[in-house]
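The values are calculated or read from the model by the stated rules, or taken from the named source; none is laboratory data. Everything numeric here is computed off the predicted structure, so don't read it as measured data. Cβ atoms come from the backbone with ideal geometry, glycine included; neighbour counts cover every protein chain shown.
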Amino acid sequence: MPEYGLIGKRLDYSFSKAFFTAYFEQNGIRASYHNIEIAAIEEVRAILSSGKYSGLNVTIPYKETVIPYLDELSPEAKAIGAVNTISFKNGKTIGHNTDAFGFRQSIKPFLNNKHERALVLGTGGASKAVSYVLEDIGLNVLHVSRNPKEENTFGYEEINGHMLNACKMIVNCTPVGTFPDVDDKPDLPTEFIGPDHFVVDLIYNPEKTRLLREAEAKGAIILNGHSMLKEQALKAWETWNS
């Protein structure tokens, strides 16, 4: 029976295991899906060479650090610089990024011509996929980080009303606000958010983070990460079985 799995550090919250287990049952697929917790990325070498798995997903904090352990990257994963899906083809491990596809599909119904600039919170693997999609569809993307070093990257203390007025799309790619820390939110002055804003939080537990609740109260369009996760998971399944 084929086995699949998710590589990460802390996976008790995992969307993937619940999703794929239900998907297999609903579609009569004889397969299993496992959470594979590793304390350090070096442990991935044994997993990749074990021959046990027919496909793998990768989550934080390993979406970038897994790359040197793979034989090849898809063009999109190479362009993004992050991997969330690994396939095994002809004895080789190939890294893919289905986060980009999932994010693109999830935001399609909500974008309008007011969303010319985006503020992306966080600089990890998820934010790289998000930025790739937004830039590809023509948005000007600014990044926010606790340790701003690169061009077009700002510290949280630099976010003000002028910046939020200019950036009508905001995407939280950090884990701040994830259960059980539901009263936390990124250090963003939400009083400057209004009805023209589209605020996306990639967190899906809770369904509405504090950031989304405050944005909704200001009349903004809001979206959590659930639809993105579903879309990227289905794309991963397609990738493994293509």
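Things to note:
- A77 vs. criteria surrounded by 15 or more Cβ atoms within 10 Å (Cβ to Cβ), in contact (Cβ under 8 Å) with a residue 40 or more places away in the chain and either on the phi < 0 side of the Ramachandran plot or outside any strand (DSSP E or B) (or both): no
For every residue, the table says whether it meets (1) at pLDDT below 95; (2) closer than 16 Å to V120 by Cβ; (3) surrounded by fewer than 18 Cβ atoms within 10 Å (Cβ to Cβ).
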| position | (1), (2), (3) |
| --- | --- |
| V199 | no, yes, no |
| L202 | no, yes, no |
| N205 | yes, no, yes |
| I221 | no, no, no |
| E231 | no, no, no |
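- Taking region 124-161 as the range and being of a type in the set (D, E, K, R) and over 23 Å from N224 (Cα atoms) as the test, the residues that pass are K149, E150, E151, E157, E158.
- Residue count for region 5-40 under the criterion of being small (G, A, S), part of a helix (DSSP H, G or I) and under 23 Å from L70 (Cβ atoms): the result is 1.
- Subset tally (residues that are more than 16 Å from T174 (Cβ to Cβ) and within 18 Å of the chain's Cα centre (by Cα)) for region 140-156: 0
- Qualifying residue in region 41-51 (condition: in contact with a Lys or Arg (Cβ under 9 Å, 6 or more places away or on another chain) and assigned to a loop (DSSP other than H, G, I, E, B)): no
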